[in-house]
Amino acid sequence: MNVFACRLPNASLPQIYELGAPSETTFGEGPLRVAVAPFSPDEEALQYPVAGTLSSIPDDIFLENRKEYNFSFATEEEYASYIADIKSCLAGDTQKKIVASRRVKVTTTKNINTLFKDLCTAYPEAYVFVLSTRELGTWIGASPELLLENKKGKLVSVALAGTRLAGTAEEWDTKNRMEQEIVARYITSVFKSHGLQCDEKGPETHRAGRIEHLKTTLTADSTSIDPSQTYQLARNLSPTPALAGYPKEDAIEMIRRAEGDRALYGGWFGLIEPSGDFRLHVMLRCLWMPTATEGVAFAGGGITSLSDAKAEWEETRRKLATIASIL
């Protein structure tokens, strides 16, 4: 059985859906459906029509929806070497960045319904989800980052970059501000390439559990473009420099060489309403769960010419702790 459970940011009640067979993703009016795209822009995005609602997530989804991924696991020394290679490629150019990610194996004694409920409680401002399908396996997480929303004729995207401990009193440093500016500038350029003029709000500090980020909200009028253009806008946005780097093509190529397949980590997912409105979030703070008791958690950080390897390792450790603390 294909299943999607979700709790929208600041919503009171979650929804659990049974999904039908996947097809090619389209935007615009149609049945209620779930859209999912992997990290790689070369891979197909899928949509799953909602077939019905469920009272709970079936415990046997791990048996039904088996999908194997060949993920690698870096030591601190290997991660530091990766960052050194990135900085060498950047050659001191402050306008470029590459997002390096790593994974860790985790275990849990909680069942999937308890994990979902605990994530909803711990992260009220996140898009909490469980996605389990035969094609993609089982993924669970609490995403803090909106990729693109279309609601009542208005498009909204968010530039979320820079990371530090929540409640830090000092001003944001140059490295984090530079990271965030690159993401905001990229999103603005993609909107403009579709003939859309952006309004910006921010940057401001946005808390996500134990850590916080810099956030800029970008909005535009969507009434001037049709659904096919809106779909292409979402595909062009992803992965943003907050997930891959900038320039995007160069960053993705290095990530493929160094990390291999990121699968759904850094991709996007969300509901498309019958009206054509939608809300797509980046798949972050997530786990791939091959069994009911085992998982692989993902975290990354933006590497610029100002990055320090030890600080970047610590940043990923904090991000991994955010999701692992619920287990």
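The values are calculated or read from the model by the stated rules, or taken from the named source; none is laboratory data. Treat the numbers as computed from the prediction; the structure is a model and nothing was measured. Glycine also receives a Cβ, built like all others from the backbone with ideal geometry; neighbour counts cover every protein chain displayed. Note: areas computed on protein heavy atoms with side chains; ligands, DNA, RNA excluded. Shrake-Rupley method; radii C 1.70, N 1.55, O 1.52, S 1.80 Å.
For region 71-216, take N as its residue count and report Rg(C-alpha) divided by 2.2 N^0.38 Å.
Ratio of Cα Rg to 2.2 N^0.38 Å: 1.24.
Each residue of region 92-108 is assigned a 3J(HN,Hα), and the resulting list reads x, 6, 6, 8, 10, 7, 9, 8, 9, 10, 8, 10, 9, 7, 9, 9, 8 Hz, derived from the Karplus form 6.51 cos²θ - 1.76 cosθ + 1.60 (θ = phi - 60°), x at Gly and Pro. Of interest is the spacing of the C-alpha centroids, which for region 291-325 and region 109-150 amounts to 18 Å. Computed with a 1.4 Å probe over protein heavy atoms only, the accessible surface of region 225-275 comes to 35 Å² per residue. The spacing between region 34-57 and region 201-280, judged by their C-alpha centroids, is 16 Å. For region 90-161, the Cα-based Rg and Dmax, in that order, read 17.0, 47 Å. Only the Cβ atoms of Lys and Arg (+1) and of Asp and Glu (-1) were treated as charged; on that basis the dipole of the chain about its Cα centre amounts to roughly 460 debye. If you wrap region 56-109 in the convex hull of its Cα atoms and look at it from every side, the mean projected area works out to 6.8 nm². Note on region 121-234: dipole from Cβ charges, positive end direction compared against W139, A159, P124; the farthest Cα belongs to W139.
Gyration tensor analysis over the Cα atoms of region 170-317 returns equivalent ellipsoid semi-axes of 26, 21, 16 Å (largest first, whole Å). Between L13 and A166, the contour length at 0.36 nm per residue exceeds the alpha carbon distance by 52.4 nm.
Surface composition of the chain: carbon and sulfur atoms hold 49% of the protein heavy-atom accessible area at a 1.4 Å probe. Convex hull volume per residue, computed on the Cα atoms of region 219-278, equals 109 Å³. Taking the Kirkwood radius as Rh and the Cα radius of gyration as Rg, region 135-220 has a ratio of Rg/Rh equal to 1.03. What base-10 log of the normalised intensity I(q)/I(0) is obtained for region 170-246 from the Debye formula, alpha carbons as equal point scatterers, at q = 0.19, 0.21, 0.23 Å⁻¹? Log10 I(q)/I(0), no solvent term: -0.86, -0.99, -1.12.
Pair-distance distribution P(r) for region 234-310, from all Cα-Cα distances in 10 Å bins starting at 0: 15, 41, 30, 12, 1 percent. What FRET efficiency comes out for L32 versus A84 if R0 is 41 angstrom and r is the Cβ-Cβ distance? Round to the nearest 0.05. E(calc), rounded to 0.05, equals 0.30. In region 27-72, the inverse of the mean reciprocal separation of distinct Cα atoms equals 13.7 Å; this is its Kirkwood hydrodynamic radius.
Normalised by residue number, the volume inside the convex hull of the Cα atoms of region 1-151 is 171 Å³ per residue.
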